Amino acid sequence: MQTPAELAALHKQTFNAAPKLYAAPGRVNLIGEHTDYSGGFVMPAAIDFSTLIAISPRTDGHFFAHSVNFNEHIDKPISELLTVRAKSWSDYPAGVLWALREKSIDVSAGFSLTIVGNVPLGAGLSSSASVEVATAFAVLGTLGIDMPLSEIALLCQRAENAFVGANVGIMDQFVICCGKQDNAVMIDTRFLTYTLAPIPPDVRIVICNSMVKHTLADGGGYNTRRAEIEAGLHILQQHRPEIVALRDATLDDLARWGSEMSEQSLRRCRHVITEDDRVLAAVLAFQSKDLTRFGELMHQAHLSFRDDFEASCPEIDILVNLANKQTGCYGARLTGGGFGGCTVNLVAADHAAAFTKAMHVGYLNATGITAEIYTSRASAGAHAISV
Ligand code: ADP
Ligand code: MG
């Protein structure tokens, strides 16, 4: 990928204007899966892969964006850009402009953007939110508007929900805005507050992409899982009306009234309730520098995701089992929506290279598939870059 100085030079060559530069990372979720739509807790970290945007203002009311990755550009009047979705990569930056305008921010003068990123696209590391947040930082910075980070995150989520049309939670945009070097970010998704949890600098986050994505008939099993959780929640609410979301329920509630639910609802609810507890315990583990404990919590989270939420798959379980056998690996689990995608592993830095090699070889031998493996530290959230 281009360095910031190279990107600035490219932008200047294309638009004959000196740009400002902004960066926004991708992210990985360390623990806390399928808790966000129950008002619960998640603990992602921003990663060392990012999207860079060079931006300069225009006066002709056009949005001109060039994606180096796609080797494509779009050039449209803002009024047209914000009324018709292009169903392409340009919807992500355009969606952010749309969401800014919805907040009565005047974007009508237009902007020139040059975009380049090294967040793997479509690998579950949220390159989409990274483009959105980088765009929001770039446009707000150009307009000289100061906006609280949580508001920027909500705005970018709205861009993806309402303009792009993807039903995503707040986690990605939030951690991409609020990430801090060498810290995980525990987000309370009900109150949109967060707690930083320090990750020792001699630990690496290794992400193994299984390269498989099993699509179930109903769109990945997501809709069924959500309906099962809703049904379980509804039963608990009949006994304890003060339960607004599963975040308010306890294992004790499940022990008392779980028998009124379907077996599936009971297990999905148990996953969410125990996962919230694990996230809170994981903060304490990082705060007390107890990586062994953190690894145990990752392991329990994987078993719960696999057995109670039933969203793992054979390839992912192979990766997790392989990881658990490697020296220097504290913990491994399926991360993201499930049914394929990536595992996240916490590995001692001086074992990370050997870990990566062993995972490549072991996974190839077991499945015939070459995994993509990314190594990262927890990185900073979005920021301006000076060149
Ligand atoms: P993920 O967020 O997991 O990477 P998504 O499908 O949500 O996967 O988002 C990927 C999409 O985001 C890409 O197909 C593209 O439209 C957009 N995108 C990501 N990075 C870039 C980039 N550098 N330039 C243009 N578009 C990008
Ligand atoms: Mg995405």
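The values are calculated or read from the model by the stated rules, or taken from the named source; none is laboratory data. Because the structure is a prediction, the values reported are computed rather than measured. Note that each Cβ is placed from the backbone with ideal geometry, even for glycine, and that neighbours are counted across all protein chains shown. Surface accessibility is based on the protein's heavy atoms, side chains included, excluding ligands, DNA and RNA. Shrake-Rupley method; radii C 1.70, N 1.55, O 1.52, S 1.80 Å.
Here are the numbers:
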item	result
Lysine pairs within the chain, Cα separation less than 24 Å, 8 or more sequence positions apart or different chains	13
Estimated 222 nm signal from helices in the chain, with DSSP H stretches of n ≥ 4 weighted -39500 (n - 2.57), rounded to 500	-12500 deg cm²/dmol
Under the Karplus curve 6.51 cos²θ - 1.76 cosθ + 1.60, θ = phi - 60°, whole-Hz ³J(HN,Hα) for the range 156-165, x wherever Gly or Pro sits	6, 4, 4, 4, 6, 5, 8, 9, 6, x
Most mobile listed residue (312, 67, 50) in the chain, GNM with C-alpha springs under 10 Å	67
Accessible-area order (highest first, 1.4 angstrom probe) of the listed residues 266, 113, 284	284, 266, 113
Full-extension gain in nm, residue 181 to residue 14, via 0.36 nm per residue minus C-alpha separation	56.8 nm
Inter-probe distance in nm under a simple model that places probes 7 Å from Cα toward Cβ, at residue 252 and residue 289	3.6 nm
Charge tally in the Cβ shell below 9 Å around residue 128, where Lys, Arg are +1 and Asp, Glu are -1, residue 128 excluded	-3
Per-pair calculated FRET efficiency, R0 = 30 Å: residue 366 and residue 224 via Cβ, rounded to 0.05	0.60
Built amide H within the under 5 Å cut-off of residue 203, gap 5+	349
Pairwise label distance in nanometres, residue 242 with residue 383, each label 7 Å out on the Cα-Cβ vector	4.3 nm
Selected from 371, 136, 255 as most flexible by GNM, with the chain as the system and alpha-carbon contacts under 10 Å	255
Fraction of beta bridges assigned by DSSP in the chain that are antiparallel (%, nearest 5)	90 percent
Efficiency of FRET between residue 75 and residue 202 - r from beta-carbon atoms, R0 45 angstrom, step 0.05	0.40
Extension gain (nm, one decimal) between residue 191 and residue 85, 0.36 nm per residue minus Cα-Cα	35.0 nm
Formal net charge of residues neighbouring residue 321 (Cβ-Cβ distance under 12 Å; K, R +1; D, E -1)	+1
Nonlocal amide H pairs with residue 30, under 5 Å, H built at 1.01 Å	43, 45
Most to least accessible of 327, 114, 375 (protein chains only, probe 1.4 Å)	327, 375, 114
Computed E for residue 281/residue 325 - FRET, C-beta separation, R0 25 angstrom, nearest 0.05	0.55
Heavy-atom accessible surface of the chain: percent carbon and sulfur, 1.4 Å	52 percent
Of the trypsin sites (Lys or Arg not before Pro) in the range 74-109, those whose Cβ has at most 10 other Cβ within 10 Å and which sit in DSSP loop	87
